[in-house]
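See below for the structure under consideration.
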Amino acid sequence: MITRFEELKAWQMARELTKRIYSISDRPGFKVDYRFRAQIRAASLSVSSNIAEGFERGSQPEFIRFLTIARGSCAEVRSQLYSALDVGHVSKEEFTTLLDYAEQVGRIIGALRQSAMKSKT
């Protein structure tokens, strides 16, 4: 039985996604694009934060709701990665790697949400 949000694979992967986004957005191109840099960082932080907040709320409906928000934030990161590619902040290879990881995070959040919904009934 999981008793802490830190034990959740979805949270662990979301944390890694944030680490990767921070690393890539620390480059010169991103550094001068202040608003975009802040937005992609905020979206990535929102993924793990919403998983943690939902878990700590202590109710299944709240956990499900916050997992939905976390998955949406993950989609936001994916969308922003396309923009990062389009404006030259990331290479095609970096984009592909980051997008693949963000998709994995989204899938595991979705699976956790489905599991939480089943255990609710």
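The values are calculated or read from the model by the stated rules, or taken from the named source; none is laboratory data. Treat the numbers as computed from the prediction; the structure is a model and nothing was measured. Cβ placement follows ideal geometry from the backbone for every residue including glycine, while neighbour counts extend to all protein chains displayed. The area values use the complete protein model at the heavy-atom level, side chains included, leaving out ligands, DNA and RNA. Shrake-Rupley method; radii C 1.70, N 1.55, O 1.52, S 1.80 Å.
Could you pull out the residue among SER48, SER44 that is closer than 22 Å to MET1 by Cα, in contact with a Phe, Trp or Tyr (Cβ under 9 Å, 6 or more places away or on another chain) and assigned to a helix (DSSP H, G or I)?
The conditions single out SER48.
List pairs: first in the stretch 1-16 and over 22 Å from LEU99 (Cβ atoms) and touching a residue at least 24 places away in the same chain (Cβ under 8 Å), second among the small types (Gly, Ala, Ser) and in a helix (DSSP H, G or I), Cβ under 7 Å, 6+ apart or cross-chain?
From the stretch 1-16, the pairs are PHE5/ALA52.
With respect to ALA116, determine if the residue is under 27 Å from LYS31 (Cα atoms), in contact with a helix residue (DSSP H, G or I) (Cβ under 7 Å, 6 or more places away or on another chain) and either open to solvent by less than 20 Å² (accessible area, probe 1.4 Å) or in a helix (DSSP H, G or I) (or both).
Here the answer is no, as ALA116 does not meet what is asked.
Looking at ILE108, ILE21, which one is out of contact with any strand residue (DSSP E or B) (no Cβ under 8 Å at 6 or more places or on another chain) and either open to solvent by less than 30 Å² (accessible area, probe 1.4 Å) or at pLDDT below 95 (or both)?
Result of the check over ILE108, ILE21: ILE21.
Yes or no: ILE51 closer than 14 Å to ARG113 by Cβ, surrounded by fewer than 19 Cβ atoms within 10 Å (Cβ to Cβ) and either hydrophobic (A, V, I, L, M, F, W, C) or free of Cβ contacts under 8 Å to residues at least 60 places away in the same chain (or both)?
No.
Restricting to the stretch 60-74, count the residues that are open to solvent by 40 Å² or more (accessible area, probe 1.4 Å) and either in a loop (DSSP other than H, G, I, E, B) or in contact (Cβ under 8 Å) with a residue 12 or more places away in the chain (or both).
Qualifying residue count, the stretch 60-74: 5.
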